[in-house]
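Asker: Next up is a structure, given as structure tokens.
The values are calculated or read from the model by the stated rules, or taken from the named source; none is laboratory data. Remember, predicted model here, so these are calculated numbers, not experimental data. Cβ atoms come from the backbone with ideal geometry, glycine included; neighbour counts cover every protein chain shown. Heads up: the accessible areas ignore ligands, DNA and RNA and are worked out on the full protein's heavy atoms, side chains in. Shrake-Rupley method; radii C 1.70, N 1.55, O 1.52, S 1.80 Å.
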Amino acid sequence: MTHADFPAALLHRLRHARHIAVLTGAGISAESGIPTFRHAQTGLWSQYDPLELATPQAFQRNPRLVWDWYAWRRQLVAHAQPNAGHTALVAIQRHAPQFTLITQNVDGLHQQAGSTAVIELHGNIRRIKRADDGVIVTAWTETEGELVRCPQTGSLLRPDVVWFGEMLPPDALDAARVAAQTCDVFFSIGTSGLVEPAGSLPRLALHAGATLVVVNPEATFAPHNDVYLLQGAAGVLLPQLVAAVWGD
Ligand code: APR
């Protein structure tokens, strides 16, 4: 898209916005080579459904299987680089008088790109915590085939992410809701919107009077007066939008 392809009213709104809030999902990291949740997995893990592995029940049933799946995802993330979509959000943060970045992603790629004060609704895969009391653990040893335990207490270790059926960190969720209700423009980028409570944030923003911008190759939002549907990849559209609005 070029400058002329974005609606002029959207460019004007962004240029004059006091507070821009953004919600991202797995789609923004797709161009960094990290598979989205609802895409078929490949190779070793193709026989497992991620939606079934990311649960407390799966961990109770088979902690080693769940650990191994996250270990595999952790090494994918460790080798991944932020893409042009992540970088465009750093640029928007620089231009907007107030900016809030809320992510459902656990990969830390926003921070790696240079975004600051990121609200992580679903935790971060790079952090490990004790399963029983949630204390973060930074050093542990792993023996092939054995359960991974805290060297201090012997408790099982797990990733510091929010699984299906678990509560989101209350402070993060509160901050996300406040941002949705007080921003002028709310972006929903690369998320299917199927998982609550994050899935409701775009609607919350819309009801509070914000302009909603949806960036997704698929139609995930019904056409609506105050909604701009930018259909395409975040890594392509976001840099073009930044260039059209702020000229960089
Ligand atoms: N640019 C923008 N969007 C994209 C791109 C891309 N390059 N590629 C894919 N998408 C879109 C897909 O069309 C889809 O709508 O990203 C979305 C990814 O959806 P999901 O896989 O459902 O991911 P997400 O919405 O982040 O899932 C929410 O569910 O499994 C849990 O905790 C997990 O945080 C995750 C949550």
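Asker: Please report the accessible area of Arg127 (heavy atoms, 1.4 Å probe, ligands and nucleic acids excluded) in Å², nearest 10.
Answerer: Looks like 90 Å² after rounding.
Asker: Report the one residue of Thr153, Leu51, Ala210 whose Cα lies farthest in the direction of the positive end of the charge dipole of the chain (charges on C-beta: Lys and Arg +1, Asp and Glu -1; origin at the Cα centre).
Answerer: Checked the options; the winner is Ala210.
Asker: At 1.4 Å probe size, with every protein chain present, just tell me what the per residue accessible area of region 96-217 comes to in Å².
Answerer: With all protein chains present, region 96-217 gives 45 Å² per residue.
Asker: For region 127-248, give me the percentage of DSSP beta bridges that are antiparallel, rounded to the nearest 5 percent.
Answerer: Counting DSSP beta bridges with both partners in region 127-248, the antiparallel share is about 40 percent.
Asker: Please state the charge dipole magnitude for the chain, taken about the Cα centre, from unit charges on C-beta atoms (+1 on K and R, -1 on D and E), reported in debye and rounded to the nearest 20.
Answerer: My answer is approximately 280 debye.
Asker: If you don't mind, there's one more thing I want to ask. Just to confirm the number: angle between the C-alpha axis of helix 234-246 and the first principal axis of the chain, 0 to 90 degrees, nearest 10?
Answerer: With both axes taken from Cα atoms, the answer is about 40 degrees.
Asker: Among Tyr228, Tyr48, Tyr70, which one shows the highest mean-square fluctuation when the chain is modelled as a Gaussian network with alpha-carbon springs under 10 Å?
Answerer: Tyr48
Asker: Counting only protein heavy atoms, what percent of the accessible surface of region 90-165 is carbon or sulfur at a 1.4 Å probe?
Answerer: Accessible surface attributable to carbon and sulfur in region 90-165 totals 48 percent.
Asker: So how strong a dipole does region 139-219 carry about its Cα centre when Lys and Arg Cβ are +1 and Asp and Glu Cβ are -1, to the nearest 20 debye?
Answerer: Computed charge dipole of region 139-219: roughly 240 debye.
Asker: Relative contact order for region 55-155: what percent, with Cα pairs under 8 Å and sequence separation of 6 or more?
Answerer: Relative contact order, region 55-155: 21 percent.
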